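Each remark here refers to the structure printed beneath this line.
Bear in mind these aren't lab numbers, they're just calculated from the coordinates by the rules spelled out. What you see is a predicted model; the values in this text were computed from it and never measured. Neighbour counts are summed over all protein chains in view; Cβ atoms, including those assigned to glycine, are modelled from backbone coordinates with ideal geometry.
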Amino acid sequence: MDYQHILFEAAGGIVRLTLNRPDKLNSFTGAMHGELRDALDTVQADKSIRMLVLGGAGRAFCAGQDLADPDMAVGATRPDIGNVVEQHYKPLILRLQNLRVPTVAKVHGVAAGAGASLALACDLVIAGKSASFLQAFSKIGLIPDTGGTWFLPQRVGMARAMGLTLLADKLPAEKAAEWGLIWQAVDDAALDATVDALAAQLAGMPTKALVRTRQAMHAAPNHTLEQQLSMEGGFMRELGWSADFAEGVAAFMEKRAPRFTGQ
Ligand code: T3D
């Protein structure tokens, strides 16, 4: 597929996927959603890919839904936004959650509305210190979608999730890291290098174990302890048969660095 609204770069097992509508702060259109679905399906299908970095072009990560996109029911007398969520945002987040490689959001500028939720759907979020996270939804009479009502309270607790979403104040990156919303806030000048190093590190790790970790962590709030222990057992059984487990143990015994293949 020839992309118009995103950039897709693959090298060394790392895919860098960049939202690319900088004039509109990379806000989502129906066309961009279509390209994102295609790009994520490509990542899912290509076994040589070991990790994904999601970022934004220009001065922001993403300003959420493009509020002027006619494809997204904006302007209709009774727009069916539920349908937009079902058709576009839900599949986007489920694709990310089910991706067979770890994901990192690289956030600079603002991550607003569905753009903030998109970042939170990644396994790790690294932001420049001047970045901010804005739950913009209440300002236009909506609720946090794109998984926002799921990710936010899990990460920062109910009191902070409610304050952030009802009041819709920008949360600076350093406070976001302090609150546990994101993994790290780094100096703006160090953002690229930090994410590059992290991407290289994750791309060399046992991919299946990282992804099963994501799945187990996210399943936990809806499980009893017994159910969770069973899930852990199932994943451990599967990983015990993986080439990366054999390699990890062999490398430990031979006192050398492991060479994981993601298999
Ligand atoms: O169909 C559905 O609606 C369902 C899905 C909903 C999910 C959602 O994401 S709802 C939330 C949608 N997003 C917002 O409400 C955020 C709107 N944007 C802003 O509040 C501000 O732009 C920011 C706080 C993000 C950044 O402010 P600032 O001052 O740095 O930039 P700016 O000047 O406002 O924006 C720069 C340009 O981007 C400007 O265009 P122009 O005037 O230069 O031609 C602005 O209109 C455009 N832009 C920014 N955000 C959006 C947008 N255009 C369309 N949609 C946007 N969301």
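A few remarks follow.
- The residues neighbouring residue 47, those whose beta-carbon lies less than 14 Å from its own, together hold a net charge of 0 under the Lys/Arg +1, Asp/Glu -1 convention.
- Charged neighbours of residue 236, selected by a Cβ distance under 14 Å, balance to 0 (K, R count +1; D, E count -1).
- Measuring nothing but alpha carbons in the stretch 66-166 and taking Rh as the Kirkwood radius, the Rg to Rh ratio lands at 0.97.
- Most fluctuating residue given options 247, 238, 226, as computed from a GNM of the chain linking Cα atoms under 10 Å: 226
- Prolate/oblate/rounded call for the chain, Cα gyration tensor, a/c under 1.5 rounded: prolate
- For the stretch 1-73 and the stretch 240-263, distance of Cα centres in Å: 34 Å
- With 0.36 nm allotted per residue and the present C-alpha distance subtracted, the residue 166-residue 37 stretch has 43.4 nm of extension available.
- Net dipole in debye of the chain [+1 Lys, Arg Cβ; -1 Asp, Glu Cβ; about Cα centre; nearest 20]: 400 debye
- Pairs exceeding a 22 Å alpha-carbon distance, out of 106/175; 24/47; 106/139; 106/129; 24/106: 24/47; 106/139.
- Projecting the Cα atoms of 81, 224, 242 onto the charge dipole of the chain (Cβ charges, centred on the Cα centre) puts 224 farthest toward the positive pole.
- Rounded to the nearest 20, the Cβ-based charge dipole of the stretch 124-244 about its Cα centre (Lys and Arg +1, Asp and Glu -1) stands at 280 debye.
- About the Cα centre, charge dipole magnitude for the stretch 1-141 (Lys/Arg +1, Asp/Glu -1 at Cβ), debye: 480 debye
- Estimated from helices alone, the mean residue ellipticity of the chain at 222 nm is -13000 deg cm²/dmol (sum of -39500 (n - 2.57) over DSSP H runs with n ≥ 4, per residue).
- Only Cα pairs under 8 Å and 6+ residues apart enter the sum, and on that basis the relative contact order of the stretch 6-203 stands at 20 percent.
- Segment residue 80-residue 7, extension gain: residue separation times 0.36 nm, minus the distance between their alpha carbons: 23.3 nm
- Geometric descriptor of the stretch 1-103, per residue, is 93 Å³ (volume of the convex hull of the Cα atoms).
- Gain in span if fully extended, residue 224 to residue 255, counting 0.36 nm per residue against the direct Cα distance: 7.3 nm
- For a label point 7 Å along the Cα-to-beta-carbon line of residue 200, residues of the stretch 4-29 with backbone N under 20 Å: 9-17
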